[in-house]
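Below is one structure, written out as structure tokens, with a few remarks after it.
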Amino acid sequence: MEGGGLEWLLVPIHQLVSWGAAGSMVFGGVVPYIPQYRDIRRTQNAEGFSTYVCLVLLVANILRILFWFGKRFESPLLWQSIVMIITMLLMLKLCTEVRVSNELNLKRRSFAAAEGKDEEIKAFPKRSFLDFDLNYFWHWSKFTDYVQCVLLFTGVTGYITYLWLDSFLFVETLGFLAVFTEAMLGVPQLYRNYRNKSTEGMSVNMVLMWTSGDTFKTGYFILNKAPFQFSICGLLQVFVDIAILLQVYFYRYYPQKPVSHTGHPASTKAL
């Protein structure tokens with residue numbers, strides 16, 4: 001009786017733990033971006049956040065969803081990708097609005113300081129995805145341009161996946177590209193910090209959450225025997241997170257002289 005009673009208690013506990021782990025996988029990945037989103041909204045300054053992080057995650061999670069059609073892994077990982085795509089689009093929307101608003105205000109002040117020619121503000125250059133100008137790739141003036149780019153990428157990769165879905169090599173390669181791209185998530189921020197010789201403007205809380213979340217995620221991959229690509233690239237992602245944390249420590253206690261960059265302030269990018 002004791003064994004049966006103990007089993008009766010352990011089964012629901014195990015179920016709750018499983019649900020909790022699955023819920024953490026689905027929504028845990030977006031938690032690090034909440035403080036960053038709030039900081040950008042509060043300060044109206046998006047310079048500390050690299051929108052190329054959004055690009056990396058959008059590409060990675062779109063490819064992961066396509067990988068699911070060729071190799072059905074656990075559904076929490078699929079839902080995690082869907083939630084992450086929505087989150088990255090919201091981050092892009094906010095960053096674009098803030099950046100364009102700041103650029104417009106800067107030009108307005110410049111014109112006012114010169115001769116007060118308000119009519120010249122109307123000539124503010126608009127950068128569109130449909131211009132196909134590589135100099136301004138992922139640095140467009142409207143959020144809809146980013147949406148168009150994402151839809152085009154999804155359509156092209158989706159069609160290619162449909163044609164090659166029966167190829168084992170293609171499906172495995174697609175899965176590797178998906179998780180390897182995600183593993184490179186922190187690289188834009190890592191390079192941005194190195195280029196600026198500073199981590200000012202970056203949310204340290206976000207990186208701490210990245211590290212803890214990626215560690216949990218990698219452990220989840222290993223314990224649940226996810227496709228091998230997930231475990232390998234998960235470990236790589238944790239390594240990149242730790243490298244960024246080392247930058248935070250180094251630049252805080254051993255500040256470097258920032259490198260000056262010439263060019264139009266509106267063309268500042270993470271890469």
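Leaving out ligands and nucleic acids, and using a 1.4 Å probe, what accessible area per residue does region 152-206 come to in Å²?
55
Can you work out the accessible area per residue across region 10-82, with the rest of the protein chains kept in place, probe 1.4 Å, in square angstrom?
49
Tell me, what is the 1.4 Å probe accessible area of ILE222, in Å² to the nearest 10?
100
Keeping all protein chains in the complex and leaving out DNA, RNA and ligands, what accessible area do you get for GLU97 with a 1.4 Å probe, in Å² to the nearest 10?
Ignoring ligands and nucleic acids, GLU97 comes out at about 100 Å².
Between LEU165 and PHE239, 0.36 nm times their residue separation minus their Cα-Cα distance comes to what?
Result: 23.4 nm gained on full extension.
The values are calculated or read from the model by the stated rules, or taken from the named source; none is laboratory data. None of these values were measured; they are calculated from a predicted model. Each accessible area value is taken on the protein alone, full model and side chains, heavy atoms only, with ligands, DNA and RNA left out. Shrake-Rupley method; radii C 1.70, N 1.55, O 1.52, S 1.80 Å.
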